[in-house]
Amino acid sequence: MLTVEGLSVSYGEKTVLQQVGFHLAAGQVLAVIGPNGAGKSTLIRALSGVLPVRGGAVRLDGRDLRQYSEVERARRIAVVPQAVNLPAAFTVWETVLLGRTPHLNWLGQLTAKDEDIARWALERTDTQALAGRPVNQLSGGEQQRVLLARALAQSAPVMLLDEPTAHLDLQYQLSLLELVRELAHQEKLAVLVALHDLNLVSRYADKVALLAEGKLCALGRPGEVLQADVLTRAYRVPLQVLALGGGLPPVVLPAG
Ligand SMILES: Nc1ncnc2c1ncn2[C@@H]1O[C@H](COP(=O)(O)OP(=O)(O)OP(=O)(O)O)[C@@H](O)[C@H]1O
């Protein structure tokens, strides 16, 4: 679905991503991990078309992303950004309905179908009770779930999430990633998620891309990438990986 080939991205003179390549298939959760400043958010911005591609290409269903119009892109790629300031003037319901914008007719009118989809998105993210609240009065975790609901309402086959669990308590970290995995596996969405918690990665990702200093250091199944030597090199801190056996995911811990 989404193919990244030799991708390089810069801010002015500063090259932040170099020669990054991978394939994200429908029905798959790809976790992007790496230390602070590795380029995870930059990758998400480039894949969503917000940042220009300096070298290489991003292909969506075989077609260069640069050939898509903004609306075409928004119908296909939904983004849950890292902590944003949500507009004070909107309620949760209005914010989630904004996700339907790329699908509105030329009169810009919402239909009953748009409202049904927005209601479904509120239900899936457990935010129905917040529907009438102004978004800027929500807690960080509540806002995060509303951003996910807005992205779900977009009905896009590709979803990019930038540290979606950052403000969530344990219960919602698990339920959000359960939901993301369910959407990928059942609805065949292609999901790319930047995550810091390597234990959540081992539990929920089908595939892992490890970035460090803008380069792809490792790409593979969680068990292949979450190796003590690979992680220790990338994070520059001694780490050990405990394989629990019995089908349980490995747990990553500081060594010593
Ligand atoms: N708008 C910008 N202008 C210039 N440099 C930027 C800009 N945004 C990010 N950078 C730089 O690009 C590099 C990659 O940043 P990015 O935010 O992609 O990293 P990240 O892996 O998402 O980090 P974190 O885990 O801290 O969120 C960093 O060195 C950062 O300082």
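The values are calculated or read from the model by the stated rules, or taken from the named source; none is laboratory data. Values in this document were obtained by computation on a predicted structure and should not be read as measured data. Reconstructed Cβ throughout: ideal geometry from the backbone, glycine too, with neighbour counts over all protein chains shown.
Output the residues belonging to the stretch 8-36 that are part of a loop (DSSP other than H, G, I, E, B), within 15 Å of the ligand (Cβ to nearest atom) and in contact (Cβ under 8 Å) with a residue 12 or more places away in the chain.
The answer is GLY34, PRO35.
Here are some residues: ARG73, ARG66, ARG59. Which one is out of contact with any His (no Cβ under 8 Å at 6 or more places or on another chain), within 30 Å of GLY37 (Cβ to Cβ) and without any contact (Cβ under 8 Å) to a residue 24 or more places away in the chain?
ARG66
Looking at the stretch 90-114, I want the residues that are within 20 Å of ARG133 (Cβ to Cβ) and have a partner that is among the β-branched types (Val, Ile, Thr) and not in a helix (DSSP H, G or I) with Cβ atoms under 8 Å, at least 6 apart or on another chain. Which pairs are those?
Listed by first residue and then by second, the contacts come to VAL92/THR127; VAL96/THR127.
Exactly one condition in (1) closer than 16 Å to VAL158 by Cβ; (2) aliphatic (A, V, I, L, M); (3) modelled with pLDDT under 95; (4) within 16 Å of the ligand (Cβ to nearest atom) is not met by LEU51; state its number.
(1)
Return the only residue of THR101, THR127, THR95, THR91 being closer than 23 Å to ALA184 by Cβ and β-branched (Val, Ile, Thr).
THR127
Would you mind stating whether VAL180 is part of a helix (DSSP H, G or I), within 16 Å of the ligand (Cβ to nearest atom) and within 13 Å of the chain's Cα centre (by Cα)?
No: the conditions fail for VAL180.
So, of the residues in the stretch 94-118 that are loosely packed, with under 13 Cβ neighbours inside 10 Å and either not hydrophobic (A, V, I, L, M, F, W, C) or not in a helix (DSSP H, G or I) (or both), which turns out to be farthest from the chain's Cα centre (by Cα)?
Once the filter is applied, the top-ranked residue is LEU107.
Only one of (1) buried (at least 16 other Cβ atoms within 10 Å of the Cβ); (2) within 23 Å of TYR68 (Cβ to Cβ); (3) not acidic (Asp, Glu) fails for VAL135. Which number is that?
Result: VAL135 fails condition (2) only.
Conditions (1) away from the ligand (no atom under 16 Å from the Cβ); (2) surrounded by 15 or more Cβ atoms within 10 Å (Cβ to Cβ), marked per residue:
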residue: VAL193; (1), (2): no, yes
residue: LEU198; (1), (2): no, yes
residue: TYR204; (1), (2): yes, yes
residue: LYS207; (1), (2): yes, yes
residue: ALA212; (1), (2): no, yes
residue: GLN227; (1), (2): yes, yes
residue: PRO238; (1), (2): yes, no
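Can you find, within the stretch 68-93, the residue that is modelled with the lowest pLDDT among those that are small (Gly, Ala, Ser) and not in a helix (DSSP H, G or I)?
Top of the filtered list is ALA83.
When you look at THR91, is it away from the ligand (no atom under 16 Å from the Cβ) and more than 15 Å from the chain's Cα centre (by Cα), yes or no?
Criteria met by THR91.
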